[in-house]
Every structure is written in structure tokens, then in C-alpha cells.
Amino acid sequence: QVQLVESGGGLVQAGGSLRLSCAASGRTFNSYNMGWFRHAPGKEREFVAAITWSGANTYYATSVKGRFTVSRDNAKNTVYLQMNSLKPEDTAVYYCAADPLYWGPRDEHAYWGQGTQVTVSS
């Protein structure tokens with residue numbers, strides 16, 4: 001069982017930056033693949049970024065590639081999403097997700113956090 005708690009969301013102007021954190025409980029965090037997803041009003045939930053359990057591999061949605069960076073610190077049981085050059089269309093609730101087996105863009109992860117709101121003003 002893994003519990004996930006996101007933090008770091010907020011209001012930022014277009015072009016600004018935010019760093020989201022996802023803190024995980026449980027002693028086996030370093031065996032879980034992690035993902036970040038977002039859900040904007042009126043839209044389907046969409047994939048943002050993924051990172052394997054070791055941090056050796058990452059994968060990004062085309063819409064955020066080059067602007068967002070996913071990383072993890074297994075010693076701190078935390079995964080991060082550094083978001084730069086933010087755009088109004090990045091406005092959404094951002095969720096982290098964990099799975100012991102699956103790694104990728106589909107929302108098939110076993111565990112999900114409650115989400116953190118990111119609002120980008122123009």
C-alpha cells in the first residue's frame with residue numbers, strides 16, 4: 001500500500017515556474033514507477049510525465065516536453081515535477097500516481113494522490 005500526497009501547487013503568471021512534490025508513504029517507494037497526470041475543467045485527465053522506479057528512464061507528453069522535468073529522490077520517498085515556462089493551458093489539478101509494475105502514459109496506476117491545483121494566469 002502506498003499513500004501519495006501532492007504539494008507545491010499555486011497561482012503563477014505565464015512564463016513562471018513551479019515545482020510540485022509528491023510524498024509517498026511506505027518502505028517500498030523505491031520499487032514503484034511514478035507518473036504525473038493532470039485534469040483541467042471540461043477535459044479528460046491527461047498524462048504529463050513518468051519516471052521509472054530507479055529514475056533511469058523518463059517519458060513526457062509532447063505538450064510539456066522541454067518545459068517540465070520529472071525526478072525522484074528515493075531516500076526522501078518523493079517524486080518531483082519541475083514546471084518551467086508555464087502557460088495558461090497548463091492550468092489543471094495535478095496528480096501523482098504510483099504502480100509497482102506499470103510505467104507509461106496510460107492511467108493504469110494502482111495508487112493516486114488527491115491532487116494539487118496549478119493555475120497559470122495570462
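The values are calculated or read from the model by the stated rules, or taken from the named source; none is laboratory data. Computed from a predicted structure; not experimentally measured. Glycine also receives a Cβ, built like all others from the backbone with ideal geometry; neighbour counts cover every protein chain displayed. For the accessible areas, the whole protein counts, side chains as well, though only heavy atoms, and no ligand, DNA or RNA atoms are used. Shrake-Rupley method; radii C 1.70, N 1.55, O 1.52, S 1.80 Å.
Structure above, values below:
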item	result
Phi to ³J(HN,Hα) by Karplus 6.51 cos²θ - 1.76 cosθ + 1.60 over segment 59-71, Hz, x for Gly, Pro	8, 10, 5, 4, 5, 10, 4, x, 10, 10, 9, 9, 8
Where trypsin sites (Lys or Arg not before Pro) fall in DSSP loop in segment 1-42, at most 12 other Cβ within 10 Å	Arg27
In order through segment 52-57: 3J(HN,Hα) via Karplus (6.51 cos²θ - 1.76 cosθ + 1.60), integer Hz, x for Gly, Pro	6, 4, 8, x, 6, 10
Per-residue ³J(HN,Hα) for segment 27-42, Karplus 6.51 cos²θ - 1.76 cosθ + 1.60, θ = phi - 60°, Hz, x for Gly and Pro	7, 10, 3, 6, 9, 9, 7, 10, x, 10, 10, 9, 9, 9, x, x
Stokes-Einstein diffusion coefficient of segment 1-79, Kirkwood radius over Cα pairs, 10 °C, 1.306 mPa s, in µm²/s	116 µm²/s
Within a Gaussian network of the chain (alpha carbon springs, distance under 10 Å), most fluctuating of Ala50, Ala97, Ala75	Ala75
Accessible surface of the chain [probe 1.4 Å, protein heavy atoms]: carbon and sulfur percent	48 percent
Cα-centre dipole for the chain with unit charges at Cβ (Lys and Arg positive, Asp and Glu negative), debye to 20	220 debye
